[in-house]
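A short worksheet on the structure shown next.
The values are calculated or read from the model by the stated rules, or taken from the named source; none is laboratory data. Note that the structure is a prediction, hence the values are computed from the model and not measured. Heads up, the Cβs are rebuilt from the backbone with ideal geometry, glycines too, and the neighbour counts pull from every protein chain shown.
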Amino acid sequence: MKLTPNSLYIVSTPIGNLDDITLRGIDVLKNSDIILCEDTRHSLKLLNHLKIKKKLISYHKFNEKKQVSNIIEYINQGKILSLISDAGTPLLSDPGCLLVNECITKKINVVPIPGPSSIISAMSISGFSDKFLFYGFLPKTENELEKILSPLSDNLFTLVFFAPSKKINFYLKKFKKYFLGRKLLIAKEMTKLHEEFIREDIDSLKLLKYNFKGELTLIVSEKKTKFKILDEEKIVNKAKKYLKKYSLKDTVALILEIEKTNKKKIYELCLKIKNEKNN
């Protein structure tokens with residue numbers, strides 16, 4: 001594979017098992033002039049495993065603003081740079097957004113090299129709806145957490161979060177408050193020796209006594225709606241029939257009793273029919 005100079009490659013790396021890296025990912029790292037690492041000591045374990053020796057530059061959330069101009073200068077010199085995180089796909093709850101946006105502004109080519117992702121890996125075995133929203137790391141304080149979970153509790157989609165293992169019970173208490181009626185998957189140490197997937201109903205969820213390590217991926221199942229999918233044509237036909245005999249209020253009540261669906265939508269449809277009839 002021939003790499004393009006003046007480019008930044010975003011390379012996905014293993015989330016645990018060091019063999020979980022694509023052939024293309026290995027090739028890109030081997031042919032990079034510089035590899036940007038979240039933690040050079042951590043990344044050396046992977047690079048040594050792959051027998052790759054390259055110049056490494058530390059690039060993390062505490063120095064990314066300072067490093068961006070230096071990195072852009074390297075790229076402008078015609079060097080090939082790769083960005084990796086400690087695990088998984090870079091930029092997803094990891095540093096890199098500032099750099100990528102600067103590359104976009106300066107018309108520098110940014111190339112994704114797909115591969116491992118704890119988000120996709122956990123979702124693939126969850127059994128939940130594949131329509132999902134990824135939030136990332138949950139807030140650490142109670143007030144901030146409440147601000148986030150309150151609006152999300154009304155969201156119908158599967159929800160994916162990251163959380164430090166030592167605070168798992170702190171988050172589970174809030175999940176019981178905001179996500180009743182839903183299911184939970186806790187994915188720990190994925191692809192590693194002690195990989196485990198814990199499945200619970202949030203309604204009966206109890207605090208955990210496990211001695212977890214590292215970061216956890218938490219998946220909350222989709223919200224089951226109480227309402228059937230609205231058959232608008234059917235509602236309209238009933239409304240036309242009932243409005244000949246009954247008031248708007250009674251018509252809505254009659255349709256709602258039969259259809260057991262969204263009252264607001266039924267009212268809007270019946271009101272529209274009544275107004276059309278009066279005009």
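Of all residues in segment 203-221, those that are buried (at least 19 other Cβ atoms within 10 Å of the Cβ) have Cβ atoms under 6 Å from Cβ atoms of residues that are among the basic types (Lys, Arg), 6 or more apart or on another chain, in Phe212/Lys188; Leu216/Lys188; Val220/Arg182; Ser221/Arg182; Ser221/Lys183.
Evaluated against (1) over 29 Å from Met190 (Cα atoms); (2) in contact with a Gly (Cβ under 9 Å, 6 or more places away or on another chain), Tyr74 falls short on exactly one condition, (2).
Return yes or no: is Leu18 in the same structural domain as Lys107 (by TED's automatic domain parsing), out of contact with any strand residue (DSSP E or B) (no Cβ under 6 Å at 6 or more places or on another chain), surrounded by 19 or more Cβ atoms within 10 Å (Cβ to Cβ) and touching a residue at least 12 places away in the same chain (Cβ under 8 Å)?
no
Inside segment 38-55, residues that are touching a residue at least 24 places away in the same chain (Cβ under 8 Å), of a type in the set (A, V, I, L, M) and not in a loop (DSSP other than H, G, I, E, B) make up a count of 1. Against the condition part of a strand (DSSP E or B), of a type in the set (A, V, I, L, M, F, W, C) and surrounded by 16 or more Cβ atoms within 10 Å (Cβ to Cβ), how does Leu269 come out, does it pass? No: the conditions fail for Leu269. Please work out if Ile75 is surrounded by 15 or more Cβ atoms within 10 Å (Cβ to Cβ), over 29 Å from the mean Cα position of the chain (by Cα) and part of a helix (DSSP H, G or I). Judged against the criteria, Ile75 is a match.
For the structure I just gave you, tell me whether Asp27 is part of a loop (DSSP other than H, G, I, E, B) and more than 23 Å from the chain's Cα centre (by Cα). Judged against the criteria, Asp27 is not a match.
Summed over segment 78-110, residues that are loosely packed, with under 14 Cβ neighbours inside 10 Å and either among the hydroxyl-bearing types (Ser, Thr, Tyr) or closer than 14 Å to Ser7 by Cα (or both) total 7.
A Cβ distance below 8 Å, combined with a sequence gap of six or more or placement on separate chains, defines the contacts here; from segment 156-178, residues that are not assigned by TED's automatic domain parsing to the domain that holds Tyr135 reach no residue that is of a type in the set (Asp, Glu) and in a helix (DSSP H, G or I). Here Glu64 clears all of (1) modelled with pLDDT of 95 or more; (2) of a type in the set (Asp, Glu); (3) touching a Leu at 6+ places or on another chain (Cβ under 8 Å) except the condition numbered (1).
Being crowded, with 17+ Cβ neighbours inside 10 Å, in a strand (DSSP E or B) and within 36 Å of the chain's Cα centre (by Cα): is that true of Ile186 here?
Values: crowded, with 17+ Cβ neighbours inside 10 Å: yes; in a strand (DSSP E or B): yes; within 36 Å of the chain's Cα centre (by Cα): yes.
So Ile186 passes the test.
Checked against the criterion of being among the hydrophobic types (A, V, I, L, M, F, W, C), surrounded by 15 or more Cβ atoms within 10 Å (Cβ to Cβ) and not assigned by TED's automatic domain parsing to the domain that holds Ala187, the candidates Leu23, Leu29 yield just one match: Leu29.
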